[in-house]
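FYI, it's all coordinate maths here, none of it is from the lab. Only a predicted model underlies this, so the values are computations on that prediction, with no experimental measurement involved. For neighbour counting, all protein chains shown are included, and Cβ atoms are generated from backbone atoms with ideal geometry for every residue, glycine included.
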Amino acid sequence: MPDYPRPSLIELDARIQADLAAMPATLREPLSHSWARACHGLHGHLEWIDRQCSPLTCELERLYGWAALYNVPQLPSTPATGTARATGSPGSVVFADEILRGPNKLDYIIVAANFMANTGVANVSIRSADTGENANLPAGARLTLVDPMQGVDRTFVVDEDGLTGGAAEETIDDWRLRVADEWQAMTVRGARGGRPDDYKFWCMSSHPAVNGALVFPHAMGLGSVVVRPICDGAINRLPPPGVISAIKDHLATVAPATADWLLVSPVVRPVVVILHLDPAVDNAANRERVAAAINAAILAEKDADAVFNMAKLDAAIATITSQYTRIAPAANIAVTPGEVLVLAGIEWR
């Protein structure tokens with residue numbers, strides 16, 4: 001609540017009528033009503049101005065201004081990228097800009113031309129024509145040429161790294177928090193120079209799929225930095241190759257020139273939860289809601305020294321039902337350096 005709550009129209013009207021008590025009622029009431037409406041509008045405008053003074057509370061139009069001032073643009077949606085294996089006659093050419101159709105009914109574009117080796121195999125770089133998470137494909141997925149090419153088989157197979165990096169546009173809330181983070185860093189510290197929080201911010205500014213990062217200064221010696229990005233929406237919260245590539249490119253432009261930084265994936269620390277729901281509440285809907293609450297609680301742990309407290313786990317489950325027994329975990333879970341907590345499954349007893 002603000003320090004000076006905005007008075008309501010009725011309160012303003014009553015105050016003004018009290019101030020005009022000596023005036024005849026025939027004049028007092030219309031004057032107080034009109035004056036109250038004018039004052040109420042002024043209070044509303046002042047309240048609006050107050051909200052625009054912070055990127056945390058301002059309207060979207062003003063957020064664009066804050067973002068431009070501190071150079072924190074909203075992250076756009078990204079395409080999926082990767083490599084696929086083509087087969088055909090040795091020496092045949094796989095042309096660039098040809099279209100492949102994926103099993104998800106989306107189109108993919110061959111980025112660069114390549115020749116079939118003597119083995120009749122060519123590895124070609126491709127990217128999705130559309131952006132977003134739906135464009136990602138797992139290893140082994142089959143794509144089909146829309147228009148045939150001479151000497152090239154119609155079917156391409158995605159390699160072991162899959163097609164990754166596709167992500168939706170950064171949400172307004174996430175963008176707002178990054179703008180506020182940069183605003184605070186600039187006003188309190190003056191600039192970003194390579195602190196652990198700076199590397200975390202740079203990782204989150206490189207790709208919309210990145211939700212955080214574990215940063216370890218001097219992990220490989222004085223002046224070194226080990227950075228482990230976290231992607232909550234990815235499998236096991238591990239950044240896929242397309243995201244790692246985007247982070248590397250961004251860090252190369254913003255990290256201090258003298259910094260010896262290494263970008264690697266976190267180490268997965270699986271968390272298995274064993275629960276018993278009372279028969280009165282044990283149904284598919286409640287199991288799904290409890291699982292979502294538990295997963296959200298685990299995803300909230302993003303610090304390098306995170307401790308998953310069982311009180312947090314119980315509090316998450318209690319938002320759905322209090323009629324349960326937690327069998328495991330039995331104690332708090334503290335991560336070791338480089339680990340990230342991942343829900344490995346829920347066993348229902």
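Summary of values
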| quantity | calculated |
| --- | --- |
| Pair list, Cβ < 6 Å and 6+ apart or interchain, from the stretch 314-335 residues that are under 16 Å from Ala296 (Cβ atoms) to residues that are of a type in the set (Gly, Ala, Ser) | Ala316/Ala293; Ala316/Ala297; Thr319/Ala293; Ile320/Ala293 |
| Test set (1) over 30 Å from Glu182 (Cα atoms); (2) without any contact (Cβ under 8 Å) to a residue 40 or more places away in the chain; (3) among the aliphatic types (A, V, I, L, M); (4) surrounded by 16 or more Cβ atoms within 10 Å (Cβ to Cβ) - Ala292 fails condition number | (4) |
| Residues of the stretch 220-249 that turn out to be more than 21 Å from Ile298 (Cβ to Cβ) and in contact (Cβ under 8 Å) with a residue 24 or more places away in the chain, as a count | 13 |
| Out of Glu47, Glu29, Glu61, sole residue that is in contact (Cβ under 8 Å) with a residue 12 or more places away in the chain, closer than 30 Å to Asp181 by Cα and of a type in the set (Asp, Glu) | Glu47 |
| Meets criteria (out of contact with any Leu (no Cβ under 7 Å at 6 or more places or on another chain), among the polar types (S, T, N, Q), touching a residue at least 40 places away in the same chain (Cβ under 8 Å) and surrounded by 13 or more Cβ atoms within 10 Å (Cβ to Cβ)) for Ser89 | no |
| Matching option when the condition is loosely packed, with under 13 Cβ neighbours inside 10 Å and closer than 30 Å to Val210 by Cα, among Pro55, Pro24, Pro5, Pro76 | Pro76 |
| Residues being out of contact with any Lys or Arg (no Cβ under 9 Å at 6 or more places or on another chain), outside any loop (DSSP other than H, G, I, E, B), under 14 Å from Pro79 (Cβ atoms) and not charged (D, E, K, R) - total across the stretch 120-161 | 7 |
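Matching residues to (1) out of contact with any Leu (no Cβ under 8 Å at 6 or more places or on another chain); (2) of a type in the set (D, E, K, R); (3) farther than 23 Å from Arg228 by Cβ:
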site: Asp174; (1), (2), (3): yes, yes, no
site: Trp183; (1), (2), (3): yes, no, yes
site: Thr187; (1), (2), (3): yes, no, yes
site: Gly194; (1), (2), (3): yes, no, no
site: Trp202; (1), (2), (3): no, no, no
site: Ser206; (1), (2), (3): no, no, no
